[in-house]
Amino acid sequence: NHQHADAGSIQLYYRGFQFGDLGEYVFYGTPYDMNFNKRSISHSMMLAVDPGEKFGNIESNDGGTRYNQRNPRTPHEAQTDPQFNNGRVLSGSFGPSVMRPAFSYFQADLTKAYSSKMKAYTRGFCFLNLGREDIPAAIILTDDMTTANPEFKKYWQINAYNMPEKTDDGVILQNQREGLVGKTHVKMLIPAPADRQMEILSGEDANSVLGHKYEPPKPQEPEAHGHRIMISPKKASENDRFLTIFQMVAGDTRPLPVSYEETPVSYVVTLADRVVSMSKGNDFISNSFELKIPAGGKYQVALTGMKPGVWNIKSRDGKVNFTAEVKSEENTIF
């Protein structure tokens with residue numbers, strides 16, 4: 001009964017809480033606890049609203065994952081009963097250093113965490129350790145969601161303590177610890193600004209679930225007066241894709257420029273001295289594709305979502321030609 005409907009949620013801490021969960025747990029079973037604190041809406045994760053969906057006996061419909069309020073009695077039940085299927089890990093990889101990896105990659109199929117309203121949903125996550133004091137890290141986040149009905153409204157959501165600053169391509173989050181200010185520049189590449197709408201809910205509205213408002217038990221705490229950033233596509237569609245870049249920067253440091261292009265099978269993001277290919281869709285990449293590596297410097301290249309097996313990598317002039325083995329459940333080349 002203490003489980004949260006939070007499969008696929010993410011949190012970020014850099015010089016303080018940047019985004020994550022807004023729920024407070026003080027009293028068990030109150031309207032706030034059941035409708036907000038334990039529900040998907042208080043977490044930083046994807047929502048898809050089927051207007052007719054019910055979540056047990058609670059009054060609100062937040063568009064989140066299924067609400068599991070019972071526990072498995074045996075390991076076999078935990079592994080075989082669909083009630084406990086919150087998704088499947090597709091890939092997990094990091095490297096090349098074990099102690100100080102330059103990248104960490106994770107991908108999960110989260111379809112089963114939701115009801116039958118969800119046909120397919122995968123979330124991909126690549127953390128980049130940039131090795132800098134001013135801009136220590138970046139994250140590339142992908143979401144590919146297909147609903148059973150194009151009219152089910154999708155929301156990409158992150159929740160913060162402090163008021164976000166709107167920008168042309170996203171938001172800037174900020175917090176501080178011991179006098180050190182940390183900011184997170186959130187840049188959404190897909191959907192494009194013209195194809196999406198953003199709403200920031202603050203104060204009492206942040207503690208609401210699509211019209212139902214709930215009173216947090218500790219109104220003096222940061223969670224009680226946080227902010228929910230909700231981004232949704234303007235046009236109704238069964239399938240929607242989201243590609244978002246997060247850069248963590250010290251104080252007023254300007255974020256690094258981001259170069260972005262698509263191949264037929266992947267998104268390619270160039271940031272600092274990194275080139276990262278993130279697979280599109282819900283399947284591993286099995287066809288050949290071409291990357292453009294910027295001239296005049298050395299770059300670390302990470303290819304993610306690759307089908308297991310032996311791949312041949314070569315330069316256009318033929319001077320570089322080598323093979324790489326992609327391992328199952330890692331699905332990366334570095």
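The values are calculated or read from the model by the stated rules, or taken from the named source; none is laboratory data. Everything quoted here is computed from the prediction, not taken from an experiment. Methodologically, a virtual Cβ is constructed for each residue, glycine included, from the backbone with ideal geometry; neighbour enumeration extends over all protein chains shown. Quick note on the areas: whole protein, heavy atoms, side chains included, nothing else; ligands and nucleic acids left out. Shrake-Rupley method; radii C 1.70, N 1.55, O 1.52, S 1.80 Å.
Pull out a ≥ b ≥ c, the square roots of the eigenvalues of the alpha-carbon gyration tensor of segment 231-320, then state rounded if a/c is under 1.5, prolate if not and a/b is larger than b/c, and oblate in the remaining case. Present the calculation step by step, with values, prior to reporting the outcome.
Details: a/c = 2.33, a/b = 1.11, b/c = 2.11.
The shape class here is oblate.
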Residue with peak Gaussian network fluctuation, the chain [Cα springs, cutoff 10 Å], from GLY56, GLY179, GLY16: GLY179
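With a ≥ b ≥ c the root eigenvalues of the C-alpha gyration tensor of segment 124-173, is it rounded (a/c under 1.5), prolate (a/b larger than b/c) or oblate? Walk me through the intermediate numbers first.
Details: a/c = 3.20, a/b = 1.62, b/c = 1.98.
Here segment 124-173 falls in the oblate category.
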Charge tally in the Cβ shell below 9 Å around TYR32, where Lys, Arg are +1 and Asp, Glu are -1, TYR32 excluded: -3
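Counting only other residues whose beta carbon sits under 12 Å from that of THR184, what net charge do I get with K and R as +1, D and E as -1? Let's see the in-between values first.
Numbers: positive: ARG15, LYS183, LYS187; negative: GLU165.
Summing Lys and Arg as +1 and Asp and Glu as -1 gives +2.
In the neighborhood of TRP311, defined by Cβ-to-Cβ distances under 14 Å, what is the net charge if each Lys or Arg adds +1 and each Asp or Glu adds -1?
Numbers: positive: LYS307, LYS314, LYS327; negative: GLU290, GLU325, GLU330.
Every neighbour counted, the sum reads 0.
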Given charges at Cβ of Lys, Arg, Asp, Glu: the chain dipole, positive-most of GLY16, PHE103, ASN331: ASN331
Pairwise label distance in nanometres, HIS212 with ASP195, each label 7 Å out on the Cα-Cβ vector: 3.3
Solvent-accessible ranking of LYS187, LYS119, LYS38, largest area first, probe 1.4 Å: LYS119, LYS187, LYS38
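Once you have a ≥ b ≥ c as the square roots of the Cα gyration tensor eigenvalues for segment 154-237, tell me rounded if a/c is under 1.5, and otherwise prolate or oblate according to whether a/b is larger than b/c. Walk me through the intermediate numbers first.
Working: a/c = 3.40, a/b = 1.22, b/c = 2.79.
Here segment 154-237 falls in the oblate category.
222 nm [θ] for the chain, helices only, -39500 (n - 2.57) per DSSP H run of 4+, per residue, to 500? Walk me through the numbers before you get to the answer.
On the way: 1 runs with 6 residues, N = 334.
Value at 222 nm, helices only, nearest 500: -500 deg cm²/dmol.
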Segment 1-130 pair-distance distribution - Cα-Cα, 10 Å bins, rounded %: 11, 35, 34, 16, 3
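Assuming R0 = 41 Å, what is the FRET efficiency of GLN69 and SER237, from their Cβ-Cβ distance, to the nearest 0.05? Each step should come with its number before you reach the end.
On the way: r = 32 Å, r/R0 = 0.79.
Efficiency, rounded to the nearest 0.05: 0.80.
State the three equivalent ellipsoid semi-axes of the chain, derived from the C-alpha gyration tensor as the square roots of 5 times its eigenvalues, in descending order and whole Å. Provide the component values of the computation, followed by the final result.
Numbers: eigenvalues 233, 121, 68 Å².
They are 34, 25, 18 Å, listed from largest to smallest.
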Solvent-accessible area per residue for the chain (1.4 angstrom probe, square angstrom): 50
Residue-by-residue Karplus 3J(HN,Hα) for segment 215-226, coefficients 6.51, -1.76, 1.60, Hz, glycine and proline x: 9, x, x, 10, x, 7, 7, x, 4, 6, 10, x
Integer Hz, Karplus 6.51/-1.76/1.60 couplings in order for segment 286-292, x for Gly and Pro: 10, 9, 5, 8, 10, 10, 9
C-alpha center-to-center spacing [segment 272-334, segment 82-138] in angstrom: 18
Calculated Rg and Dmax of segment 29-92 using C-alpha coordinates, Å: 13.5, 38
DSSP beta bridge pairing in the chain, given as percent antiparallel to the nearest 5: 95
For SER266, distant residues with modelled amide H under 5 Å away: LYS280
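Please work out the FRET efficiency for the pair SER104 and SER315, using the Cβ-Cβ distance as r and a Förster radius of 22 Å; give the result to the nearest 0.05. Numbers along the way, then the final one.
Numbers: r = 27 Å, r/R0 = 1.23.
For R0 = 22 Å, the calculated efficiency reads 0.20.
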Of all accessible heavy-atom area on the chain, the percent that carbon and sulfur account for (1.4 Å): 50
